[in-house]
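Working notes, structure below.
Computed from the coordinates by the stated procedures, all read-outs in this text should not be read as laboratory data. As the structure is a computational prediction, the values presented were derived from the model and not from experiment. Note that we place each Cβ from the backbone using ideal geometry, even for glycine, and neighbour counts take in every protein chain shown.
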């Protein structure tokens, strides 16, 4: 297999590149490095089956030779990033998706879109099934990401139905693990960084809002199960074990052995109150389910963050905002 991973130097994309290589595939990693970085894939550079291309997917895109699989993961993913780059986020979700789909069609490759649980917005259905249409504010601050992914899903479906392209859509729920940026603004990196430094752990609102966190190894297994199937989806990829933000912060504090106090700050606009995937479709069609418990995944992540912060303590300039 020869695969293209757009956004391949990002947090999740880098794991996909690595796993595909381990499965014996040739991998082309394409990234603009707007929010990702070569460091995430530097351990892959010397592998002969790996090639990295610096490219903005919204411009001219060319990949020589055949492709069997296109995994479209190019996008800012944290609120700090997409609020800093709103137009770029919308462009990669629209024009970038159009180019990636066109490339997959040209090569006769299977195309898998990385969509997100954010297409459900602040959901009025709980847990969220794939049949739920969502509750998204189209002009709110988060809309640049939410609506970009909703458009990308629509475009992917149109290519399948009108152009005959072999496509699949995965809706990813709150993935975490090593290689996340300590200052990327999402809740888990923020809580871990604050706990390791003995700083107050800042929770937005009263901490009652929930998330369902999925360790990166499980997410990658779900994405690749979709890639190796002929299922169109969309399909939820996430861990249905639901935690309140206060429970998550307390667990991280306990796992780090930190004495940090819990501090409450204002909630961002349109912050979802609940988030939990119904993953029965993934189990039925892909034979997939999340396996790594939160405590185990967080312990692995904390170990990595501890070493990372010791080596690079400087702050990231991006504004922090938790999801």
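Expressed as a fraction of 2.2 N^0.38 Å, the value expected for a compact globular protein of N residues, the C-alpha radius of gyration of region 1-128 is 1.06.
Rounded to the nearest 500, the helix-only mean residue ellipticity at 222 nm of the chain stands at -10500 deg cm²/dmol, with each DSSP H run of n ≥ 4 adding -39,500 (n - 2.57). Considering all C-alpha pairs of the chain, those separated by over 30 Å amount to 29%. From the square roots a ≥ b ≥ c of the eigenvalues of the alpha-carbon gyration tensor of region 170-221, which class results: rounded (a/c under 1.5), prolate (a/b over b/c), or oblate? Oblate, because a/c is 1.5 or more while a/b does not exceed b/c. Over every pair of different alpha-carbon atoms in region 232-276, take the mean of 1/r and invert it; report that Kirkwood radius in Å. Evaluated on region 232-276, it is 13.3 Å.
Extending 7 Å from the Cα toward the beta-carbon at both residue 22 and residue 60 defines two label points whose distance is 3.8 nm. Axis of helix 11-22 versus longest Cα principal axis of the chain: the two differ by about 50°, to the nearest ten degrees.
Need one number: nm distance between label points at residue 266 and residue 241, each 7 Å from Cα along Cα→Cβ, rounded to one decimal. A separation of 3.5 nm, rounded to one decimal place. Stretching the chain fully between residue 197 and residue 228 yields a gain of 6.9 nm (0.36 nm per residue, less the alpha carbon separation). Shown for 273, 149: other C-beta atoms within 10 Å of each C-beta, ranked fewest to most, produce the order 273, 149. Put in line by how crowded their Cβ is, counting other Cβ atoms within 10 Å and starting with the fewest, 166, 31 read 166, 31. Taking other C-beta atoms within 10 Å as the exposure proxy, 301, 219, 204 rank 204, 301, 219 from fewest upward. For region 10-50 versus region 155-206, the inter-centroid distance based on Cα atoms is 18 Å. Using C-alpha pairs below 8 Å separated by at least 6 residues, the relative contact order for the chain is 18 percent. Show log10 I(q)/I(0) for region 142-252 at q = 0.12 Å⁻¹, two decimals, from a solvent-free Debye sum over equal Cα scatterers. Calculated log10 I(q)/I(0) at the listed q: -0.55. Relative contact order, whole percent, for region 181-323 stands at 41, derived from Cα pairs under 8 Å and 6 or more residues apart. Paramagnetic label reach from residue 133 (point 7 Å along Cα→Cβ; backbone nitrogen cut-off under 20 Å): within region 112-127, residues 116-127.
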